[in-house]
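Step one of this worksheet: look at the structure below.
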Amino acid sequence: MIVVLGVLVWRPNSWRSGRSQKISIASKSIILFRKSRIASALTATALVILLVSSNEIFSKWLVRSLEWQYLPTTELPQVDAIVVLGGGTRPRIAPRPWYEVNEAGDRIIYGAWLYKQGKAPVMIVTGGRAEWLGEGGNPESEDMAAIAAMLGVPSSAIIQESQSFNTRDNATNTKQILTERKISKILLVTSALHMPRSMEIFRKVGIESIAAPTDFLTVQSENNKGWAVILDLLPSVEALRNTTSAIKEYVGLIVYQLMGWA
């Protein structure tokens with residue numbers, strides 16, 4: 001009799017234990033399912049962002065929204081000075097035989113060309129270089145001064161500003177030079193993508209600037225691609241790089257505005 005009662009008492013407990021295990025397994029399955037859905041959604045979102053960012057059409061549209069803000073509508077006037085911002089050169093470090101230019105090297109080339117066109121009597125090249133950042137080496141202003149001289153700009157017409165480490169430094173340090181030399185109006189030379197942020201910063205410090213953009217990533221294409229336009233829909237490393245650069249400029253402009261620098 002005692003054995004029978006023991007069995008009767010034990011069996012419901014075992015049933016309850018088995019039932020709780022099933023509920024636990026079901027709960028874990030639901031949690032895992034939800035986590036997998038979240039992971040899948042995040043993965044899909046990241047993939048969509050990557051595909052859009054590397055799309056040639058989207059990239060050109062985003063870059064153009066910055067580059068075409070300061071397109072000259074008339075011939076650039078004569079001013080008191082041409083200011084060329086750094087960021088377009090590499091230092092003279094072995095095994096490099098001389099100073100080198102990168103993608104933004106058009107800045108100093110265009111600045112020298114404007115000087116040769118008689119747009120201003122002096123050229124200010126602005127840009128330092130931190131020893132602890134990147135390759136180190138001599139200031140960017142030294143690179144640009146050497147390249148400008150090689151392009152035919154007299155050394156006596158080149159003013160170096162070598163203490164800047166960002167665009168705001170470029171503006172504030174240049175402002176000091178302009179004040180000392182009683183210069184009021186400048187042509188501001190930098191990459192077209194960088195021009196909107198640069199103009200805002202230079203205006204903020206009180207410099208009367210006329211934009212002279214160069215180094216355009218987008219142009220008014222007249223080519224009829226025909227069916228080859230389909231290729232613009234495919235992901236492109238160059239498009240992704242240009243999209244990244246444009247987003248960086250927008251973020252930089254927002255940060256500078258929040259800090260009161262633009």
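With the Cα gyration tensor of segment 70-224 giving a ≥ b ≥ c as the square roots of its eigenvalues, does the rule (a/c under 1.5 for rounded; else a/b larger than b/c for prolate; else oblate) give rounded, prolate or oblate? Write out the running numbers ahead of the final one.
On the way: a/c = 1.40, a/b = 1.12, b/c = 1.25.
Because its axes are fairly even, with a/c under 1.5, segment 70-224 counts as rounded.
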- Query: Is segment 134-179 best put as rounded, prolate or oblate by its Cα gyration tensor, with a ≥ b ≥ c the root eigenvalues, rounded for a/c under 1.5, and otherwise prolate when a/b is larger than b/c, oblate when not?
  - Reply: oblate
- Could you list 195, 150, 144, 259 in order of exposure, starting from the residue whose Cβ has the fewest other Cβ atoms within 10 Å? 259, 150, 195, 144
- Message: Need the list of aspartates and glutamates near residue 185 for cross-linking: C-alpha distance under 19 angstrom, and skip anything on the same chain fewer than eight residues off.
- Response: 75, 80, 161, 169, 200, 208
- From the cross-link list 60/204; 116/204; 60/119; 119/182, the entries with a Cα-Cα span beyond 25 Å are 60/204; 116/204; 60/119
- Sorted by mean Cβ packing within 10 Å, highest first, what order do the peptides 95-106, 74-85 take? 74-85, 95-106
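Each value in this text was obtained by applying a stated rule to the coordinates, not by laboratory testing. Values in this document were obtained by computation on a predicted structure and should not be read as measured data. Glycine also receives a Cβ, built like all others from the backbone with ideal geometry; neighbour counts cover every protein chain displayed.
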